[in-house]
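Note sheet for the following structure.
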């Protein structure tokens with residue numbers, strides 16, 4: 001499986017911060033041509049790469065969902081961000097650059113402001129939760145589904161103040 005490299009301050013894969021819409025469209029087209037699968041919807045990668053632009057039409061936000069791990073190993077600092085538990089990933093990155101301990105969505109999201117990196121998940125689930133009665137009472141299929149929340153669902157690199165995107 002190919003790697004999709006997450007580079008804060010730079011970009012994700014071939015899509016880079018500062019690119020124009022035309023440059024992004026070219027990258028998306030290349031991903032569609034190289035990695036297209038029969039079961040993918042048309043323009044699969046158009047949906048995978050969630051890109052926002054500044055007032056000059058330049059990329060200032062790139063987000064990818066965990067579903068892209070079907071195609072790529074999504075790595076930051078040689079760590080697969082979607083196959084590493086959220087708590088472990090945050091702990092490793094926090095050794096290098098601190099996350100915002102006052103971030104409004106802390107637990108759901110971890111914002112590393114010094115490098116423009118954000119991880120998000122819809123539900124906070126911990127290893128301790130797996131041992132609690134409420135979790136054990138869930139149907140095994142629901143337990144499996146819930147366990148996805150031990151991991152992040154999206155990763156974002158961005159340029160500028162995160163509050164300007166909210």
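All of the numbers you see were taken from the coordinates with simple rules; none came from a lab. Not measured: the values here are computed from a predicted model. As a convention, Cβ positions derive from the backbone with ideal geometry for all residues, glycine included, and neighbour counts pool all protein chains shown.
Quick notes
- Residue check, residue 16 over 20 Å from residue 73 (Cβ atoms) and touching a strand residue (DSSP E or B) at 6+ places or on another chain (Cβ under 9 Å): no
- Filtered residues of the stretch 60-99 (kept if in contact with a strand residue (DSSP E or B) (Cβ under 6 Å, 6 or more places away or on another chain), without any contact (Cβ under 8 Å) to a residue 60 or more places away in the chain and under 25 Å from residue 30 (Cα atoms)): 80
- In summary, residue 31 fulfils each of the numbered conditions (1) touching a strand residue (DSSP E or B) at 6+ places or on another chain (Cβ under 6 Å); (2) buried (at least 18 other Cβ atoms within 10 Å of the Cβ) with the single exception of condition (1).
- Within the stretch 31-60, the set of residues being in a loop (DSSP other than H, G, I, E, B) and either in contact with a helix residue (DSSP H, G or I) (Cβ under 8 Å, 6 or more places away or on another chain) or over 18 Å from residue 21 (Cα atoms) (or both) comprises 36, 37, 38, 39, 40, 41, 42, 43, 49, 57.
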